[in-house]
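Okay, structure first, notes after.
Just so you know, all these numbers are worked out from the coordinates, no wet-lab data involved. If you're wondering where the values come from, they're calculated on a predicted model, not measured in any experiment. Cβ coordinates were reconstructed from backbone atoms using ideal geometry, including for glycine residues, and neighbour counts include every protein chain displayed.
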Amino acid sequence: MIPMVDLKNQYQRLKPEIDAELAKVLESAHFILGPNVQAFEQEAAEYLGVKHAIGCASGTDALHLALLAAGIGPGDEVITPAFTFIATAEAIRYTGAKPVFVDIEPDSFNIDVSAVEAAITSRTRAILPVHLFGQPADMPALIALAEKHGLKVIEDCAQSFGADIDGTMTGGIGLAGCHSFFPSKNLGAYGDGGMVTTNDDALAERVRILRNHGSQVRYYHDVIGYNSRLDEMQAAILRVKLRHIDEFNRGRRRAAHAYSAALKAHVTPPHENGLGTHVYHQYTLLSDRRDDIMQALQAADIACAIYYPVPLHQQKVFAEDCAGVSLPVTEDVSRRCLSLPIFPELSDEQIGRIVETVAGALA
Ligand SMILES: *Cc1c(COP(=O)(O)O)cnc(C)c1O
């Protein structure tokens, strides 16, 4: 069996480092917002080249807290792609604001900047691009558009840890970046975890207060906050893995480039937009014969997945917001996209088997 992501293999490789750090946390009996969280925040901020990194309980919470700290609330509109994981839009709704879904570029699958411009109204307050599958969205164009219209840009970096545009890491380009440490993400914990990054001192302060029950000084509460903290075990694991993130991302790129070279005659491989580094959280191809490929992979005991089969504007939960909304590129891509296994440890032998199976299905 070749899985979508092989976390068992990675743990075996990192076991001595991780087990030693976890034992120290257990012995310290300090489990929430302790020295590992503080150190991880500092190390992550340094790695990403940002002033502030604030750990929280999940990527979904990072989005929610960043939007709240940016002042987004009821009556506001936030423009975002429909071709993403539900959490992007859920977080907008948690604040009381309305997600306004726009179409994507057919090649990069990222938010289409001209579609964003066309969707701006007097109620628009923010743009929430997703660096989908690990490839940076067109941030220079989005930032220019946002400045022209007085909008905030919050980045969904859940799939793009370590991706950059001209040396500036995703998460350090907009007003805030929202990261997820869900186990299968490029930088994954062994449970839930998330982080907000920003160069804005005031926004960082508000996120720090919001994640910890609206409190700056213990037992003094200024606003209604949340229990959304990163814990010491996850932070200790993330500190170990952060030391390997460049190697992980290089491994993902190596596997992706091997796939693309071997498959480009058979399918539409993922397109690198050349704006920055694609860190391949997913390797997602397009094919009119997706079902044939899936059947062959299944028969060969190789995992595959459709990210995402139902775009957000067609989800029942957003039916009211999206009556009459049609996003042709998003709908076409969701009918033809297929993601293959991708993880840093994917071997040449595994890649060979997968490529042969896909090519064989289309022969
Ligand atoms: C994973 C993911 C999230 C949510 O992260 P969690 O840590 O699972 O809450 C948000 N947006 C995107 C695009 C994601 O892939």
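Results, tabulated for the structure shown:
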quantity: Convex hull of region 219-309 built on C-alpha atoms - directionally averaged projected area, nm²; calculated: 10.9 nm²
quantity: Estimated vicinal HN-Hα couplings, Hz - region 133-140 in sequence order (Karplus 6.51, -1.76, 1.60; Gly, Pro = x); calculated: 6, x, 9, x, 5, 6, 5, x
quantity: Rounded to whole Hz, the Karplus (6.51, -1.76, 1.60) HN-Hα couplings of region 261-273, x for glycine and proline; calculated: 4, 7, 9, 5, 7, 10, 9, 8, x, x, 9, 8, 7
quantity: Distant-in-sequence amide H partners of A305 (H built 1.01 Å from N, under 5 Å); calculated: S339
quantity: Potential lengthening between A363 and K51 on full extension [0.36 nm per residue; Cα-Cα distance subtracted]; calculated: 107.1 nm
quantity: Estimated vicinal HN-Hα couplings, Hz - region 71-78 in sequence order (Karplus 6.51, -1.76, 1.60; Gly, Pro = x); calculated: x, 6, x, x, x, 8, 10, 10
quantity: The chain - mean residue ellipticity at 222 nm from DSSP helices (-39,500 (n - 2.57) per run, n ≥ 4, rounded to 500); calculated: -12500 deg cm²/dmol
quantity: Rounded if a/c under 1.5, otherwise prolate or oblate - the chain, Cα gyration tensor axes; calculated: oblate
quantity: Radius 11 Å from Cβ of E105, net charge of other residues (Lys, Arg +1; Asp, Glu -1); calculated: -4
quantity: Cα-centre dipole for the chain with unit charges at Cβ (Lys and Arg positive, Asp and Glu negative), debye to 20; calculated: 380 debye
quantity: Unit charges on C-beta of K, R, D, E only; dipole of region 245-362, Debye; calculated: 140 debye
quantity: Extension gain, H244 back to I32 (0.36 nm per residue minus Cα-Cα distance, nm); calculated: 73.9 nm
quantity: Cα-projected label distance for D291 with E205, points at 7 Å along beta-carbon direction, nm; calculated: 5.9 nm
quantity: Loop-located trypsin sites (Lys or Arg not before Pro) in region 1-53, at most 16 other Cβ atoms within 10 Å (DSSP); calculated: K51
quantity: Inter-label distance for K316 and Q350, nm, one decimal - labels placed 7 Å from Cα along Cα-to-Cβ; calculated: 3.5 nm
